[in-house]
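Worksheet for the structure shown next.
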Amino acid sequence: MAVPIEDYALLGNCRTAALVTRDGSLDWLCFPRFDAPACFAALLGDSDNGRWKIAPQQTANCQITRRYRDGTLILETLFTTDTGRAMLIDFMPMAVDNSVVRLVVGLEGEVELGMDLAIRFDYGSNVPWVEKREPHVMTAVGGPEMLVLRTPAEVHPMDHHTESLFSVKAGQRLGFGLTWQASHEPVRKGFDCEQALEQTESFWREFSDRCPDVGPWSEQVKRSLITLKAMTYAPTGGIVAAVTTSLPEQLGGERNWDYRFCWLRDATMTLLAFMNLGYFDEATAWRNWLLRSVAGNPEQVQIMYGLGGERRLPEYELPWLSGYEDSRPVRIGNAAATQMQLDVYGEVADAMTQALKSGLPRLPRSIEIQKVIMPFLESVWRNPDAGIWEIRSEPRHFTHSKVMAWVSFDRNAGVLAQSDNPEDRERGLHYRKIADEIHADVCARGYDAQLGSFVQTYGGKEMDASLLQIALTGFLPVEDPRVAGTIAQVEKALMQDGLLLRYDSERSTDGVSGSEGTFLVCSFWLADVYVLQGREEEAAALFDRLCGLCNDVGLLAEQYDPRARRMLGNFPQAFSHIGIINTALNLHRVICPVRARAAHEDAVTQ
């Protein structure tokens, strides 16, 4: 039986990540990058698809609690049995490449534990050749890959698994280290697990100790900040949307996607989160990744890229994996990378504007990129697109897409209006003209007078939580009756148990069968809108409700099913944790980021 998504904890080293269950099973790990083929894939199948479990042999009456060591991504799982207590300390070393360490520490009495190691390269399909190299060194080779296990306990083979039985007494510390390397290279030397623990704790504490006070939400913000940092690919600054693929938006359904890539639309929210917490190095790295990735012909700008800015992300299926709770297919890659989504142009422009306002230096490349992107956007903004939710049916005229096209022209017009160069100011006036044209088009065609609300698509009747961005981007002031009507309609049509669906997937044609859970970042947007409306108590109540959905170690998935009370979708989700950070800041500060973003001087009120 599959472990609930919310029962997993995250390990990471700012290059890749692993997921560990409450009972000590490491069920997901990709080496050497987030998007590499998994060597443990039990998350999307079963134990024969790869896992590494260390747990007490006694299961009856075994009590389990866990936590992250304060300010770190070091996971401590405490097992209490009839014979004693032992702690499993899991982490990915920051100073040792491509490794996972599992320390078993005896605290009281004596505890008998077992280890089950099943290495399966290439997403659970490739059973490796396992050899014992030294008394406590084992290698597993599968084609170009090798995993090296260093173990203080005796191991033996059992049905293509490696097993071990051992005990730990009070005061004992047993270190297990697993390292990935190329199979043609000599086996690398081992490392000191205790020293790696000290170095890793120092890294995370140095990072998290810089997090400012955010009132009653400080600890949750710090945990979300650590999570976001762990989802950053350090060599390039890119941030993955999630560390997993194909965790379903509906159990047993086909809404299963690969999120181990970097989406442009995360840009503004990510930059705001980092900059408003004072993490300008991370913000600069993300901004620079963004500029490198979109460089080139404007018609070739994609909505997402690989960790290094790779453009080819072909989507295919893995038929040998049964999927999480039989949710097929398991997909690798993402075909949405080839879609036209107009909103990303607005996100990039808004991100660049927010970066300038926060003092990040404007790079010459950003100026030149905007010079070629804007004429292209001018030629295509009237076209239908796949929208923010990346529908797989025919393109449509999404209101949110047009609003974000307006954002692109509006933000660039505002920046150029302050230039000392007459040519820049003239170009800015032209962008203002186009922005006004888009604004009028949206107000005429995206608004339904009968409903008293903007709608998902031109001429449609369906609602969409992305319409909240009308207020959040400053497209219209929150006091405008059309905005108030839209907020009320979103609440009426999309609210489930106090949380928002992104849209009604059963009524809105999106090219995929089935339904889904509430989309958590949309509820954070609603809390931000409440702040703009002066409904602080409602905003705080909604925010506390959302934070209460976090699992026992402070992590959130993409979606939540309020009926089954379970998390859904890929996990942990960067968008959800960015939402925690930004909404906490909006609630904590007198001059909050959402007000600064929505109340820019160039807002139109027609």
### Task
Answer yes if at least one residue in the range 340-350 is without any contact (Cβ under 8 Å) to a residue 60 or more places away in the chain and surrounded by fewer than 17 Cβ atoms within 10 Å (Cβ to Cβ), and no otherwise.
no
### Single unsatisfied condition, residue 126 versus (1) exposed (fewer than 15 other Cβ atoms within 10 Å of the Cβ); (2) without any contact (Cβ under 8 Å) to a residue 24 or more places away in the chain
(1)
#### Entry: Answer residue from the range 83-142, given it is in contact with a helix residue (DSSP H, G or I) (Cβ under 8 Å, 6 or more places away or on another chain) and of a type in the set (D, E, K, R) and is farthest from residue 229 (Cα to Cα) among those
116
### Message
Can you pull out every residue in the range 353-390 that is hydrophobic (A, V, I, L, M, F, W, C) and assigned to a loop (DSSP other than H, G, I, E, B)?
### Response
360, 363, 381, 386, 388, 389
### Query
Given 464, 441, which one is buried (at least 24 other Cβ atoms within 10 Å of the Cβ), under 22 Å from residue 384 (Cα atoms) and of a type in the set (D, E, K, R)?
464
### Task
Provide a single number: the residues in the range 13-23 that are on the phi < 0 side of the Ramachandran plot and surrounded by fewer than 21 Cβ atoms within 10 Å (Cβ to Cβ).
2
### Query
What are the pairs, 6+ residues apart or on separate chains, where a residue within the range 288-316 that is more than 21 Å from residue 33 (Cα to Cα) and in contact (Cβ under 8 Å) with a residue 60 or more places away in the chain has its Cβ under 7 Å from a residue that is surrounded by fewer than 16 Cβ atoms within 10 Å (Cβ to Cβ) and among the charged types (D, E, K, R)?
291/365; 295/365
### Members of the range 487-523 found to be in a strand (DSSP E or B), under 22 Å from the mean Cα position of the chain (by Cα) and either free of Cβ contacts under 8 Å to residues at least 12 places away in the same chain or within 26 Å of residue 477 (Cα to Cα) (or both), listed by number
499, 500, 503, 519
### Task
Being within 30 Å of residue 139 (Cα to Cα) and surrounded by fewer than 19 Cβ atoms within 10 Å (Cβ to Cβ) is the filter here, so list the residues in the range 54-71 that pass it.
57, 58, 59
### Message
Among the residues in the range 263-273, are any in a loop (DSSP other than H, G, I, E, B) and either touching a Lys or Arg at 6+ places or on another chain (Cβ under 6 Å) or surrounded by fewer than 23 Cβ atoms within 10 Å (Cβ to Cβ) (or both)?
### Response
no
### Query
Within the range 536-551, is there a residue that is surrounded by 23 or more Cβ atoms within 10 Å (Cβ to Cβ), under 17 Å from residue 522 (Cα atoms), under 14 Å from the mean Cα position of the chain (by Cα) and in contact (Cβ under 8 Å) with a residue 40 or more places away in the chain?
no
### Task
Take the range 247-261 and flag every residue that is buried (at least 24 other Cβ atoms within 10 Å of the Cβ) and touching a helix residue (DSSP H, G or I) at 6+ places or on another chain (Cβ under 7 Å).
247, 248
### Task
For residue 459, state whether it is in a helix (DSSP H, G or I), over 28 Å from the mean Cα position of the chain (by Cα) and not polar (S, T, N, Q).
no
### Task
Hey, can you tell me all the residues within the range 362-381 that are closer than 20 Å to residue 418 by Cβ and of a type in the set (Asp, Glu)?
368
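Here, each number is a calculation from the coordinates, and none is a lab measurement. All values reported here derive from a predicted model rather than from experimental measurement. All Cβ positions, glycine included, derive from the backbone under ideal geometry; neighbour counts span all protein chains shown.
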